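K.L.:
Sharing a structure here in C-alpha cells format.
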Amino acid sequence: MAELLQQEPGTPAVAADDPHQSGEAVSGAETYGMTCAACGASLRIHEGERSVRCQYCNAALYVAAPAGVRTWILRASVSEGAARLAALHHLAEKTGGAVKARHTSILDLRLIYVPFWRMSGRLAGRISGDEVIRRVVETTVPGPDGTRVVKRTEEERSPFTKYVCKRIDWSTPACALRYLGLQGIALRTRMLAWDVFDHGMRETIHTALPMKTAERAREDGYRYLATLAAPSGSIVRSSRFDLLGEDLSIYYFPVYILRYRHGDRIYSTTIDASDGHVIRADVPERRERGSRALFIVPAVTAFLAGTWLPLVPIAAAALYIYDVVRAGAPVMPHRWIVARLGAWFGGGR
Amino acid sequence: MSMKTDGLTVQRLQCQHCGAELPVMGRSIVFRCAACRRLWAASGEHLGPVRVDRAVIPSGPAPGDILHLPFWVAEIDLPRLESDVSKIMNSLRHTQVRLAEAALVPDDREPDPLTELGLNLIGIETPPSGAQRIVPGAAIALPPSAELDFFLRTIADQGIFRVFVPAFDSPGEQVRLSVGRLMTHRRPELRTAPSDGAGRTAVPVIQAAEALILARYIFFSTFPASIGSCAALIDRLEVQYAAEPLLVEFPFVPHGGEVESLVGGFHIPARTIGALAEETASS
Amino acid sequence: MRVSCSLCGGENEILPGQKMLFCSFCGSALAIEERAGPEHLILPHQRNDRLAADALRSHLSIAGTAAPRDIRVEFSYVPFLLVENEKGDPVACPCRGAPRETGPIPAPPAGDYRFFDGSLAGDEKIVPLDPADAEAPGVLRVLHLPLYRLLYRAGGKKRRALVMGESLYVYADDLPPRRAPAPSAPGLVAALALTAAFLLVGRLGHSFAARGLVIAVAAAAAWAVFALRSRMVRADG
C-alpha cells in the first residue's frame with residue numbers, strides 16, 4: 001500500500017522505532033529492483049538484505065549499497081481513466097452530490113513523477129539538556145472576603161543525559177510541491193516496489209527536477225533527527241550524533257494532477273498514481289453566508305409591511321443612509337440594492 | 001562479475017579464497033564457506049576476511065538449548081585515553097580561567113536548541129559546543145577532578161577495558177545500547193575459541209566500522225553521571241582502540257520469555273533478538 | 001545536452017540531475033563531471049493562452065474582485081536565478097529584462113527541466129540573459145521559465161498580471177476593487193416566498209406585539225428546519 005502522508009509543513013516523515021520501520025526483513029516490506037550478476041534476470045530484494053538467491057539461475061548474490069546517492073522510481077499502476085473517476089467521485093462526495101462531472105470542465109490531466117529525498121540508517125548519539133516538569137500548585141491566600149485559592153504553575157528542571165540508538169527513516173520533498181498540492185507531504189516507503197531510476201525514462205515520462213541539493217537534504221534531516229531523540233518537553237543543550245549505514249537517496253513517486261473548471265474558478269486535485277486514492281483536492285465550497293439573513297430579512301419585512309406598508313421603503317432608506325455614512329463614500333442606489341441583496345441572498349457555489 | 005547501476009551493487013556471492021558459493025543469509029553480514037571454512041564479512045561493496053570466535057562456556061555441564069548471540073568486542077586503548085582526557089581537561093580549565101577573567105555578562109536567554117547542537121556527523125564537520133560559547137553561570141561545566149581521576153584510575157587498574165557491542169538483529173535498536181552497556185559493566189572474562197558455527201546462532205548485522213562508533217557511545221554511557229553529562233569533555237574525546245574489534249559469539253540460554261547470558265549472568269527479553277542464522281527460504 | 005564518452009568518443013544525450021551514464025556506443029559506465037558555474041535550464045511548456053486567461057479569472061474570482069475583460073496575452077521564456085535564502089530554501093529571482101511586475105518566486109515550479117536549448121522554446125520569445133546576472137555569486141541555476149503576461153481591463157482601469165506556465169501561479173499586485181456577490185435567483189425566490197408566508201402567518205396576530213411574536217416564532221421554526229436539513233445533507237455527503 002502506498003502512502004503519501006498529509007502532515008504539518010516542516011514536519012518530515014515517520015521515524016522512531018516503529019517495528020515496520022526497523023528495517024527488519026518482514027514480508028511486505030519495501031523491495032528494490034536489481035539485476036542478477038550471473039544471468040541478468042530482474043529480481044527484487046527486501047531492504048536490509050545482504051544476500052539473495054536468483055530465482056531463475058539459482059546463483060547466490062551479494063548485494064551492497066555503494067556510497068553516494070541512489071535514485072529509485074515507483075511505477076504508476078493507475079490509469080488516467082481511473083484517476084479521473086477517482087477525482088470526480090471525490091468531488092461529488094465532498095460536495096454532497098451538488099457538483100458532479102457534468103458541472104465541471106476538465107482542463108488538464110497529467111502524470112508526473114515527484115522526487116523525495118529519503119534518509120535512513122541507524123542513529124546513535126548523546127543528548128544532554130533539561131527535562132521540564134510543570135505542575136499546577138494551589139495555594140490559599142488571604143483576600144478581602146476571607147481566604148481564596150490561587151493556582152500557580154511551577155516549573156522544575158532536572159538535567160539529563162541520555163544515549164540513544166534508533167533506526168530512522170526521514171523524507172522530504174526534493175522540489176516545491178505547492179502547486180501540486182503536496183506541501184507538507186512525506187513519503188512512507190514501506191510495502192512499495194521500487195525500481196532503479198534510469199534517466200532514459202525521462203524521454204517518455206514527466207518527472208519534476210529535484211531542486212533541493214543532497215547537502216541541504218542531509219542537513220535538514222540531521223536537524224530534525226536531533227530534535228526527535230530528545231524527550232518531549234525538554235530543552236536540548238548539547239548533542240552529538242553519528243548516522244550509521246546512512247542511505248540518502250531520491251525516490252520518484254507518481255501522482256496525477258487534474259485541473260478542472262467549475263463556474264469561473266479553477267480547482268486542482270492530486271491523485272496517488274500507485275493506488276488511486278485522492279491525496280489532496282480543492283473543492284468548490286458552498287457559501288453558507290446569508291442563511292440567517294434569508295429568514296431574518298423576510299421576517300422583518302413581513303412584520304413592517306403587516307404593520308404599515310410604507311414602513312418598508314422607510315426602513316430601506318434608513319439602511320441606505322447608514323451604509324453610505326459607514327462607507328464614507330456615495331453609492332448609487334441601484335448598486336446598493338444589488339450589493340445588499342447579494343450579501344443577504346447570495347448563496348450557492 | 002558485478003553489476004553496477006544507479007542502484008545497488010550486485011556480485012556473485014563467492015568465497016574469495018576457493019571460489020565456492022557462499023550460503024545466502026538474508027541480512028547477515030558474515031558468510032562461512034562450507035568448502036574451506038573461511039569466514040567473510042561485508043565491508044562496504046566487497047567482502048573481507050573476518051575472524052569469528054565463540055566464547056567458552058563457564059565450567060559446569062553445558063545446557064542443552066544454547067543460543068549464541070554475536071557481539072563485537074572492542075578493547076579501549078587505556079594509556080591513550082588517560083592522555084587524551086588529561087589534555088582536554090587542561091585545555092578546558094585554561095579556557096574557563098580566561099572566561100572568568102574576562103568577566104563576561106551571563107547570558108540568561110534560553111538556549112536555542114538548534115544552535116546548541118554539536119552535530120558531528122559523517123561527512124559534515126561542525127565545531128563542538130562548549131568552550132566557545134557563553135554559558136549562564138559557570139563558563140564551562142567540568143566534572144570534579146578528584147572524581148575524574150578516580151574513575152580513570154579504576155579503569156586503568158583493570159588492565160584491559162573491553163566494550164561489547166551487540167551485533168545481532170533486533171526489532172528495536174535501543175537494545176544495542178542497553179545490552180551493550182549491561183555486558184560492558186559485567187566485564188566477563190574473555191576465553192574464546194574459533195567458532196564452528198554449530199548450533200543456533202543469531203545473525204550479525206552490524207559491520208566492524210559501525211561497531212566501533214557504537215562502542216564509543218556504549219563506553220560513555222558507563223561513565224558516572226557527573227562525568228558522562230559533561231558535554232565539553234565527552235564531545236572532544238575521540239576514543240582510540242588497542243586493536244581491531246573481534247566478533248565473538250556468546251552463549252545464552254532461553255528461560256521462558258527471556259534469555260540468560262552464561263558469561264554475563266544477566267537476562268534480556270527474548271523478543272529483543274531478531275533473525276537466527278539459516279539460509280533464507282525466500283532466496 | 002550532448003557529452004562525449006571519454007573512452008570511445010561517442011556522443012550521448014544527458015539530462016539535468018543525471019550523475020552517471022551508460023555510453024550507448026561502448027556500454028561503459030561513466031560518471032558525469034559537474035561543470036563550473038550554474039546550470040542553464042529551461043522548462044519547456046505548451047503555450048495555452050486560454051488556460052492562462054482562465055487562471056487569471058479564477059484568481060480574481062477567489063479574490064472577490066471584478067471579472068477581467070478584454071484580456072490580451074503575451075508569452076515568453078524569462079530567465080530566473082535560483083538562489084538559496086537564509087533558511088536554505090530555493091528562491092527564483094527574476095533577471096534583468098524580466099517584466100516589470102515580476103517578483104521573486106518562493107519556489108520555482110516543479111517540472112521536467114532540460115538543459116537550455118533555444119530550439120526547445122519553439123517559436124516563442126526568449127528574454128535574453130544578462131551576462132552579469134549569470135556570473136552573480138551564489139547562483140545555483142539559471143532557469144528559463146514560461147511566463148504569460150496578461151493585459152486586461154477591470155474596475156474601469158487597464159491592469160497587468162503574470163501567470164507562470166506549468167504551475168498557473170498568478171502574480172497580480174494591482175487587483176481590481178472587490179465586488180459584492182450577486183444575489184442568486186434561488187435565494188431571491190426563497191426570500192420572496194418566505195416574505196409572503198410570514199405576511200400570511202402574521203395575520204394570525206391581531207395586535208402589534210402578537211404579530212411580531214407569531215412571525216418571530218415562524219421564522220425561528222423555518223430556520224431550525226433549514227439548519228437541520230443542511231446538517232443532514234452534509235452528513236450524507
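K.L.:
Mind checking which residues of the range C:189-223 are out of contact with any helix residue (DSSP H, G or I) (no Cβ under 6 Å at 6 or more places or on another chain) and polar (S, T, N, Q)?
P.N.:
Selection gives C:Ser207 alone.
K.L.:
Checking the condition in contact with a Phe, Trp or Tyr (Cβ under 8 Å, 6 or more places away or on another chain) and open to solvent by less than 20 Å² (accessible area, probe 1.4 Å), which residue from C:Ala218, C:Ala161, C:Ala172, C:Ala154 passes?
P.N.:
Details: C:Ala218 fails: open to solvent by less than 20 Å² (accessible area, probe 1.4 Å); C:Ala172 fails: in contact with a Phe, Trp or Tyr (Cβ under 8 Å, 6 or more places away or on another chain); C:Ala154 fails: in contact with a Phe, Trp or Tyr (Cβ under 8 Å, 6 or more places away or on another chain).
Just a single option satisfies the conditions, and that option is C:Ala161.
K.L.:
OK, next. Could you list, in sequence order, all residues of the range B:211-238 that are outside any helix (DSSP H, G or I) and within 9 Å of another protein chain (Cβ to nearest Cβ)?
P.N.:
Residues of the range B:211-238 outside any helix (DSSP H, G or I): B:222-224, B:229-230, B:235-238.
Within the range B:211-238, B:Ser229, B:Cys230, B:Asp235 qualify.
K.L.:
Can you find a residue that is in contact with a strand residue (DSSP E or B) (Cβ under 6 Å, 6 or more places away or on another chain), open to solvent by less than 20 Å² (accessible area, probe 1.4 Å), in contact (Cβ under 8 Å) with a residue 24 or more places away in the chain and within 30 Å of A:Asp195 (Cα to Cα) anywhere in the range A:229-241?
P.N.:
No.
K.L.:
In addition: Check C:Ser76 against each of (1) under 30 Å from A:Gly263 (Cα atoms); (2) open to solvent by 50 Å² or more (accessible area, probe 1.4 Å); (3) hydroxyl-bearing (Ser, Thr, Tyr) and name the one condition it does not meet.
P.N.:
Unmet for C:Ser76, out of (1) under 30 Å from A:Gly263 (Cα atoms); (2) open to solvent by 50 Å² or more (accessible area, probe 1.4 Å); (3) hydroxyl-bearing (Ser, Thr, Tyr): (2).
K.L.:
Quick one: A:Val69 ticks every box in (1) modelled with pLDDT of 90 or more; (2) open to solvent by 50 Å² or more (accessible area, probe 1.4 Å); (3) touching a helix residue (DSSP H, G or I) at 6+ places or on another chain (Cβ under 9 Å) except a single one, so which number is it?
P.N.:
Of the numbered conditions (1) modelled with pLDDT of 90 or more; (2) open to solvent by 50 Å² or more (accessible area, probe 1.4 Å); (3) touching a helix residue (DSSP H, G or I) at 6+ places or on another chain (Cβ under 9 Å), the odd one out for A:Val69 is (1).
Residues are listed down the side, and each one gets a yes or a no for (1) farther than 30 Å from A:Leu109 by Cα; (2) not polar (S, T, N, Q):
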residue	(1), (2)
C:Tyr152	no, yes
C:Ala161	no, yes
C:Tyr169	no, yes
C:Pro181	yes, yes
C:Ser184	yes, no
C:Leu192	yes, yes
C:Ala196	yes, yes
C:Gly202	yes, yes
C:Val217	yes, yes
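K.L.:
A follow-up question, please. Residue check: is A:Arg102 modelled with pLDDT under 90 and assigned to a helix (DSSP H, G or I)?
P.N.:
Values: modelled with pLDDT under 90: yes; assigned to a helix (DSSP H, G or I): yes.
It is true that A:Arg102 is modelled with pLDDT under 90 and assigned to a helix (DSSP H, G or I).
K.L.:
Output the qualifying pairs, or none if there are none: Cβ atoms under 9 angstrom, residues six or more apart or on different chains, first residue in the range C:180-197 and within 7 Å of chain A (Cβ to nearest Cβ), second residue open to solvent by 60 Å² or more (accessible area, probe 1.4 Å) and not in a helix (DSSP H, G or I).
P.N.:
Listed pairs, sorted by first residue: C:Pro181/A:Arg287; C:Pro181/A:Arg289.
K.L.:
Of everything in the range A:176-194, what is open to solvent by 10 Å² or more (accessible area, probe 1.4 Å), modelled with pLDDT under 85 and either away from chain C (no Cβ under 14 Å) or under 20 Å from A:Arg110 (Cα atoms) (or both)? Give them in sequence order.
P.N.:
Let us first name the residues in the range A:176-194 that are open to solvent by 10 Å² or more (accessible area, probe 1.4 Å), namely A:176, A:178-179, A:183-184, A:188, A:190-193.
After this cut, where a residue has to be modelled with pLDDT under 85 as well, the list is A:176, A:178-179, A:183-184, A:188, A:190-192.
Listed by number, the residues that qualify are A:Ala176, A:Arg178, A:Tyr179, A:Gln183, A:Arg188, A:Arg190, A:Met191, A:Leu192.
K.L.:
Take the range A:195-233 and flag every residue that is in a loop (DSSP other than H, G, I, E, B) and more than 9 Å from chain B (Cβ to nearest Cβ).
P.N.:
Quick first cut of the range A:195-233, residues in a loop (DSSP other than H, G, I, E, B) only: A:197-198, A:204-206, A:208-213, A:230-233.
Within the range A:195-233, A:Thr204, A:Ile205, A:His206, A:Ala208, A:Leu209, A:Pro210, A:Met211, A:Lys212, A:Thr213, A:Pro231, A:Ser232, A:Gly233 qualify.
K.L.:
Just give me the residues in the range B:9-19 being at the interface with chain A (Cβ under 10 Å from one of its Cβ atoms) and either more than 30 Å from A:Thr71 (Cβ to Cβ) or surrounded by fewer than 22 Cβ atoms within 10 Å (Cβ to Cβ) (or both), in sequence order. Break it down into steps so the answer makes sense when it comes.
P.N.:
The first filter runs over the range B:9-19 and keeps only residues at the interface with chain A (Cβ under 10 Å from one of its Cβ atoms), leaving B:9-14.
Result: B:Thr9, B:Gln11, B:Arg12, B:Gln14.
K.L.:
Select the strands (runs of 3 or more DSSP E) contained entirely in the range C:9-55, then report the ones holding at least 2 residues which are of a type in the set (Gly, Ala, Ser) and either at pLDDT below 80 or surrounded by fewer than 18 Cβ atoms within 10 Å (Cβ to Cβ) (or both). Step through it out loud before you land on a result.
P.N.:
On the way: elements: C:11-13, C:20-22, C:29-31, C:39-42.
Per the criteria, C:29-31.
K.L.:
Now for a different question. Taking only the range C:198-214 into account, find how many residues are facing chain A (nearest Cβ under 7 Å) and surrounded by 13 or more Cβ atoms within 10 Å (Cβ to Cβ).
P.N.:
Total meeting the criteria: 5.
K.L.:
Any residue at all in the range C:102-119 that is within 14 Å of chain A (Cβ to nearest Cβ), outside any helix (DSSP H, G or I) and within 19 Å of C:Arg160 (Cα to Cα)? Explain how you work it out, then say what you get.
P.N.:
Of the range C:102-119, the ones within 14 Å of chain A (Cβ to nearest Cβ) are C:104-116.
Subset that is outside any helix (DSSP H, G or I): C:104-116.
Restricting the remaining residues to those that are within 19 Å of C:Arg160 (Cα to Cα) gives C:104-105.
Yes, there is a match, as at least one residue in the range C:102-119 is within 14 Å of chain A (Cβ to nearest Cβ), outside any helix (DSSP H, G or I) and within 19 Å of C:Arg160 (Cα to Cα).
K.L.:
List the number of the failed condition for A:Val236; all other conditions in (1) within 10 Å of chain B (Cβ to nearest Cβ); (2) under 27 Å from A:Val69 (Cβ atoms); (3) aliphatic (A, V, I, L, M) hold.
P.N.:
Failing condition for A:Val236: (2).
This table checks each residue for (1) under 28 Å from B:Ser43 (Cβ atoms); (2) crowded, with 20+ Cβ neighbours inside 10 Å; (3) of a type in the set (Lys, Arg).
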site	(1), (2), (3)
B:Ala208	yes, yes, no
B:Phe219	yes, yes, no
B:Ala225	no, no, no
B:Cys230	no, yes, no
B:Leu233	no, yes, no
B:Leu237	yes, no, no
B:Gln240	yes, no, no
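K.L.:
Quick one: count up the residues across the range B:189-202 that are surrounded by fewer than 19 Cβ atoms within 10 Å (Cβ to Cβ) and either at pLDDT 90 or above or of a type outside the set (Lys, Arg) (or both).
P.N.:
Looking only at the range B:189-202, we keep the residues that are surrounded by fewer than 19 Cβ atoms within 10 Å (Cβ to Cβ), and these are B:189-194, B:196-200.
With either at pLDDT 90 or above or of a type outside the set (Lys, Arg) (or both) added as a condition, the list becomes B:189-190, B:192-194, B:196-199.
Here the count works out to 9.
K.L.:
Which numbered condition trips up A:Thr161, out of (1) open to solvent by 40 Å² or more (accessible area, probe 1.4 Å); (2) not in a strand (DSSP E or B)?
P.N.:
If we test A:Thr161 against (1) open to solvent by 40 Å² or more (accessible area, probe 1.4 Å); (2) not in a strand (DSSP E or B), just (2) comes out false.
K.L.:
Cβ-Cβ under 6 Å, sequence separation 6+ or interchain: first residue in the range A:294-321 and away from chain C (no Cβ under 11 Å), partner among the hydrophobic types (A, V, I, L, M, F, W, C). Which pairs?
P.N.:
Once the first residue is away from chain C (no Cβ under 11 Å) and sits in the range A:294-321, its partners that are among the hydrophobic types (A, V, I, L, M, F, W, C) give A:Leu311/A:Leu304; A:Ala315/A:Leu304; A:Tyr320/A:Trp336.
K.L.:
If you check A:Leu123, A:Leu61, A:Leu88, A:Leu111, which single one turns out to be surrounded by 12 or more Cβ atoms within 10 Å (Cβ to Cβ), within 14 Å of chain C (Cβ to nearest Cβ) and outside any loop (DSSP other than H, G, I, E, B)?
P.N.:
Numbers: A:Leu123 fails: within 14 Å of chain C (Cβ to nearest Cβ); A:Leu61 fails: within 14 Å of chain C (Cβ to nearest Cβ); A:Leu88 fails: within 14 Å of chain C (Cβ to nearest Cβ).
Going through A:Leu123, A:Leu61, A:Leu88, A:Leu111 in turn, just one is surrounded by 12 or more Cβ atoms within 10 Å (Cβ to Cβ), within 14 Å of chain C (Cβ to nearest Cβ) and outside any loop (DSSP other than H, G, I, E, B): A:Leu111.
K.L.:
In the range A:31-58, how many residues are over 22 Å from C:Ala31 (Cα atoms) and assigned to a strand (DSSP E or B)?
P.N.:
Pass one, the range A:31-58, residues over 22 Å from C:Ala31 (Cα atoms): A:31-32, A:36, A:38-58.
Filter once more, so that each one left must be assigned to a strand (DSSP E or B): A:31-32, A:42-46, A:51-53.
Of the residues in that region, 10 qualify.
K.L.:
For the range A:253-262, state whether one or more residues are among the charged types (D, E, K, R) and more than 10 Å from every other protein chain (Cβ to nearest Cβ).
P.N.:
In the first step, residues of the range A:253-262 are kept if they are among the charged types (D, E, K, R); the result is A:259, A:261.
After this cut, where a residue has to be more than 10 Å from every other protein chain (Cβ to nearest Cβ) as well, the list is none.
No, the range A:253-262 contains no residue that is among the charged types (D, E, K, R) and more than 10 Å from every other protein chain (Cβ to nearest Cβ).
K.L.:
For the range A:69-110, give me each residue that is small (Gly, Ala, Ser), touching a Leu at 6+ places or on another chain (Cβ under 9 Å) and within 30 Å of A:Asp247 (Cα to Cα).
P.N.:
Residue satisfying the conditions is A:Ala76 alone.
The values are calculated or read from the model by the stated rules, or taken from the named source; none is laboratory data. Because the structure is predicted, anything quoted here is derived from the model rather than measured. Ideal geometry is used to build each Cβ from the backbone, glycine not excepted, and the neighbour counts take in all protein chains shown. With ligands, DNA and RNA removed, areas are computed over all heavy atoms of the protein, side chains included. Shrake-Rupley method; radii C 1.70, N 1.55, O 1.52, S 1.80 Å.
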